[in-house]
Amino acid sequence: MTSYSSQLNDAVSAWNASGVLVHELGHALGLLDMGSQKYTIMGTHNLNTVYKPTISDIIGVNTIWWRDMKKLYILILLPLLLLLGCSCSCVSTGTNVESLTSTASSSDSSKITEVVINGFPFLITDINFLVAHSDFIIVGKVDKALPVVRIDAVALGLVEGIPELKKNVSSFQISVDQVIKGDIVPGDTIRVDRNGGLAEGINEIYEDDLQYPREGSTYLMFICKTEFTEENKYFMYMFVGTYDGFSEIVDGKILPQENTSIFQSGTSIDEVIASVSKVVENS
């Protein structure tokens, strides 16, 4: 009769011992199984091919632990990203590491350097997770897409442990129409920042098809508040997730981004707000 330990050893050999260990550590840190998702150690089908945390896993841990564990990100996760030589669009921190992969010239008078950032999307499939990690859930209108700026994240205190990190920031001035969650009231204005955009001749583009809200449009928004303050100037508020942080509202119906699976396109916004409100009440 085959012993349990023998069966376990066979299973580990069939997968990857390192992958199994890191997968289980992910559970200890609060990550859930992600089924057949490709870009994550938490994908149960990936244990024979993935043997270390991916950018998506790092973002997931960072999202869960951000409010109390800023130093964990700065001292451990950011150096890991640098070591991996890639970058990510952080769900709730706004810090990333850039990888210059191509350049392109524009018209006669100017040149634009195109920086393609090899980000891995942070996919949220559970509305409870989305609500739990949102400090504000609102219906709001993008009054103004502010000029994109290029900043030194280290100089502003957004990142520590490296000499310099230049990055572009796209900011949006949003007026609050309806509040579903959070200590904010209709009529308030909030600025939400997002990675990327064109500034100072450098166009940062994310391979994970990072989208930006449009000026004049109204959205259902899930926003997180970071530990950054006015002294840091940027990334006090960010959209939660890569795709799930804002869904456009048109003619009373919700039009989520293509890569999200939480809301069904064309659903009545009243129905969506009712379902989200119920989750908020039960959380």
Give the range 245-262 a look and list any residue that's in contact (Cβ under 8 Å) with a residue 40 or more places away in the chain, in contact with a Pro (Cβ under 9 Å, 6 or more places away or on another chain) and within 20 Å of ASP135 (Cβ to Cβ), or say none. ILE262
Selection over the range 200-236 where residues are in contact (Cβ under 8 Å) with a residue 12 or more places away in the chain and in a loop (DSSP other than H, G, I, E, B) yields a count of 22
Is it true that some residue in the range 188-198 is in contact (Cβ under 8 Å) with a residue 24 or more places away in the chain, more than 21 Å from the chain's Cα centre (by Cα) and in the same structural domain as VAL149 (by TED's automatic domain parsing)? yes
Can you tell me which residues in the range 137-172 are of a type outside the set (A, V, I, L, M, F, W, C) and either touching a Pro at 6+ places or on another chain (Cβ under 7 Å) or within 24 Å of VAL272 (Cα to Cα) (or both)? GLY140, LYS141, ASP143, GLY161
Scan the range 214-227 for residues that are more than 23 Å from SER275 (Cα to Cα) and not charged (D, E, K, R) and jot them down. GLY216, THR226
Among what's in the range 237-272 and is of a type in the set (Asp, Glu) and not in a strand (DSSP E or B), pick the residue that is modelled with the lowest pLDDT. GLU258
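Every residue, every condition in (1) among the hydrophobic types (A, V, I, L, M, F, W, C); (2) closer than 23 Å to PHE122 by Cβ; (3) in contact with a Gly (Cβ under 6 Å, 6 or more places away or on another chain), yes or no:
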{"site": "ARG150", "(1), (2), (3)": "no, no, no"}
{"site": "GLU164", "(1), (2), (3)": "no, no, no"}
{"site": "ILE174", "(1), (2), (3)": "yes, yes, yes"}
{"site": "PRO186", "(1), (2), (3)": "no, no, no"}
{"site": "ILE190", "(1), (2), (3)": "yes, yes, no"}
{"site": "ILE205", "(1), (2), (3)": "yes, yes, no"}
{"site": "THR218", "(1), (2), (3)": "no, no, no"}
{"site": "TYR237", "(1), (2), (3)": "no, yes, no"}
{"site": "VAL240", "(1), (2), (3)": "yes, yes, no"}
Note on the range 251-279: residues over 23 Å from the mean Cα position of the chain (by Cα) and hydroxyl-bearing (Ser, Thr, Tyr) are THR267, SER268
Sole exception among (1) in contact with a helix residue (DSSP H, G or I) (Cβ under 9 Å, 6 or more places away or on another chain); (2) part of a loop (DSSP other than H, G, I, E, B) for ILE184, by number: (1)
Which residues, counting only those in the range 227-237, are among the hydroxyl-bearing types (Ser, Thr, Tyr) and either touching a Lys or Arg at 6+ places or on another chain (Cβ under 8 Å) or not assigned by TED's automatic domain parsing to the domain that holds ARG191 (or both)? TYR237
Looking only at the range 215-226, decide whether some residue is aromatic (Phe, Trp, Tyr), within 26 Å of GLU114 (Cα to Cα) and within 22 Å of the chain's Cα centre (by Cα). no
Some residue of the range 209-217 being among the small types (Gly, Ala, Ser) and buried (at least 20 other Cβ atoms within 10 Å of the Cβ): no
From the list SER105, SER134, which residue is under 28 Å from VAL276 (Cα atoms), hydroxyl-bearing (Ser, Thr, Tyr) and either modelled with pLDDT under 95 or touching a Leu at 6+ places or on another chain (Cβ under 6 Å) (or both)? SER134
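The values are calculated or read from the model by the stated rules, or taken from the named source; none is laboratory data. Since the model is a prediction, treat every value here as computed from it, not as a measurement. No Cβ is skipped: glycine too gets one built from the backbone with ideal geometry, and neighbour counts run over all protein chains shown.
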